[in-house]
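A short reminder: the numbers here are calculations on the coordinates, not readings from a lab. Keep in mind it's a predicted model, so treat the numbers as computed, not measured. Cβ coordinates were reconstructed from backbone atoms using ideal geometry, including for glycine residues, and neighbour counts include every protein chain displayed.
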Amino acid sequence: MDLVFRDAEVVDGSGGDSYRADVGIEGGRIVSIVKEAAAAGCQRPTARRVLDAEGLVLSPGFIDMHAHSDLALLRDPDHSAKAAQGVTLEVLGQDGLSYAPVDDRTLAEVRRAITGWNGDGSDVDLDWRTVGGYLDRLDRAHGGRGIAVNAAYLVPQGTVRMYAMGWEDRPATAAELDRMRRLVAEGLEQGAVGMSSGLTYTPGMYAPDSELTELCRVVAGYGGYYCPHHRSYGAGALRAYEEMVALTREAGCALHLAHATMNFGVNEGRAPELLALLDEALAAGADISLDTYPYTPGSTTLLALLPSWASEGGPEAALDRLRDGATAERIRHHLEELGSDGCHGVPVDWTTIEISGVSDPALAGFVGRRVDGWATAHRLLVEDRLGTTILQHVGHEENVRTIMRHRVHTGGSDGILQGLKPHPRAYGTFPEYLGRYVRELGVLSLEECVAHLTSRPAARLRLPDRGLVREGYVADLVLFDPATVASPATYENPRTLPVGIPHVLVDGRFVIEDGRRTDVLAGRSVRRTETR
């Protein structure tokens, strides 16, 4: 064999009890698991390399169900932000906005719209236009060597709507809806695992339920799932969850709720109501899962807080409105007094808004500061040309803990890697689960937590050979020290790598070895394998 991990404590991802074993790897697969080899007097497996795993947990690689590494994987071959956490697969194309499928016009517009998430893309060769082309680009990235970790992709509904009908706030015509159906179907045929939406982001939020239902019917026909950032995480959050459950049940489509939080003061202590809603639907036969990150603040762009009408027509139209005094005052009134749909129906509390990144280096002095009112927010929106990212300190710890215990919960970082001070979840989500919520707080057992981060997401993605430590499975693996694994990343110093994760393997090859990033690029696109 190529490699044997000797005397590892195997937490296999099933949720069952851990066990001590020697685990052998060959050709990128797990080929041998010998339990309690030394105690049983068995012939111990041999290999070209034997690594003593005494005191370490061996688990499947972690699957980040909500990532924003769409360009980062192409830009940065190192990608330690995720690799060092033990992430071996990321799901991209989130929140309804990404870079395929596009034409030239749509690509230019989506680059502007999500500069705050991914940068403007000027340092990446954006040479694809289809979902298949993007996935091929991942496979041949960095001189054909590939990417740091594996990646799956969701067809972004907002981008599809932008492609088919621009930024108009109106129902689609029959012809436009047919075009959107074809674009979604083509993306799934080319390897996407489902479809995402960002229903507090324009232009995706302009879609009525009837339109979303029709697109979800297409997704269901290919065995994919729908991943909505739904219409509100604040006022009306429960109604927004109910809407997504009803919509997908009508379409016969699996549902995965993105960053399923209950935020803002109106939802403090209301997580049990959300879980009761989901339990009722699950008992009735619905196929539902969700992901969360183990932190209370959220992160998005400053632009996203604006009322949706302010962005109709696209980024340049939004800037024109912000430059017009009367219209800017109307925007302020919606934000501060009425509660805009972009701010989840809750009047904005500027004291909760912290600037995490800017596109214009001349504005870097604002990073790390709380917004002191509309005048500052308005200045940043205009001078940074909508490229400002923020942290929004509106979450509740008891809701975070309650939701992560649920049986359909999975882990997702929602990690934005742009900005001088990004949310620490981008560098710390998975060790934070293991260190803080398992070891320190006991919210989950180690076996339960690993199942949340491995086999459950693999099942949602319908991956037949990932997410468990089993013979024949792909050797995407993590070895971590359960006594020391932790995330030192903070809001002040967010770009801090984890501790206690010495080894990470992708396809049987070390991407992290002895706590250091190797030069291995073993990641590839992971494509939908179901046939229609």
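Seen from Met1, the other residues with C-beta closer than 13 Å to its C-beta sum to a net charge of +1, counting Lys and Arg as +1 and Asp and Glu as -1.
Here the dipole of region 52-141 is about 260 debye; that uses its Cα centre as origin and unit charges on the Cβ of Lys and Arg (positive) and Asp and Glu (negative). Each 10 Å bin from 0 upward holds the following percent of the Cα-Cα pairs of region 158-232: 21, 58, 21, 0. Starting from a Cα-only point model with no solvent, please compute log10 I(q)/I(0) by Debye for region 302-391 at q = 0.17, 0.20 1/Å. Log-scaled intensity ratios, in q order: -0.64, -0.91. Select one label from (1) 41, 33, 20; (2) 38, 24, 23; (3) 34, 29, 23: the one whose number is semi-axes √(5λ) of the Cα gyration tensor in Å as derived from the coordinates shown. The listed entry that was calculated here is (2).
Cα centroid separation, region 355-419 to region 154-182: 28 Å.
The magnitude of the dipole of the chain, with charges of +1 and -1 set on the Cβ of Lys/Arg and Asp/Glu and taken from the Cα centre, is near 640 debye. Each residue, Glu36 and Ala483, gets one label point 7 Å from its Cα in the Cβ direction; the gap between the two is 2.3 nm. Between the listed residues Gly500, Leu381, Ala251, the Cα displaced farthest toward the positive end of the dipole of the chain, a dipole computed from Cβ unit charges relative to the Cα centre, is found at Gly500. Applying 1/(1 + (r/R0)^6) with R0 = 60 Å to the Cβ-Cβ distance of Arg48 and Glu189 gives a FRET efficiency near 0.90.
Along the axis of the charge dipole computed for the chain (Cβ charges of +1 for Lys and Arg, -1 for Asp and Glu, origin at the Cα centre), the listed residues Gly442, Val526, Leu290 are led at the positive end by Val526. About its Cα centre, the dipole of region 278-346 is roughly 320 debye, where the only charges are +1 on Lys and Arg Cβ and -1 on Asp and Glu Cβ.
With the charge dipole of the chain set up from +1 on Lys and Arg Cβ and -1 on Asp and Glu Cβ about the Cα centre, the Cα lying farthest toward the positive end among the listed residues Pro482, Gly234, Ser311 is that of Pro482.
Output the 0 to 90 degree angle, nearest 10, between the alpha-carbon long axis of helix 271-283 and the longest principal axis computed from the alpha carbons of the chain. It is inclined by approximately 70 degrees.
As a rough footprinting exposure proxy, the listed residues Ser80, Ser455, Ser69 were ranked by other beta carbons within 10 Å of their own, and the order from fewest upward is Ser80, Ser455, Ser69. Partnerless cysteines in the chain, where a partner means another cysteine C-beta under 4.7 angstrom, comprise Cys42, Cys227, Cys343, Cys449. Calculated [222 nm] ellipticity per residue, helices only, for the chain: -8500 deg cm²/dmol; basis is -39500 (n - 2.57) per DSSP H run with n ≥ 4, divided by all residues, nearest 500.
Relative contact order of the chain, taken over Cα pairs closer than 8 Å and 6 or more residues apart, is 21 percent.
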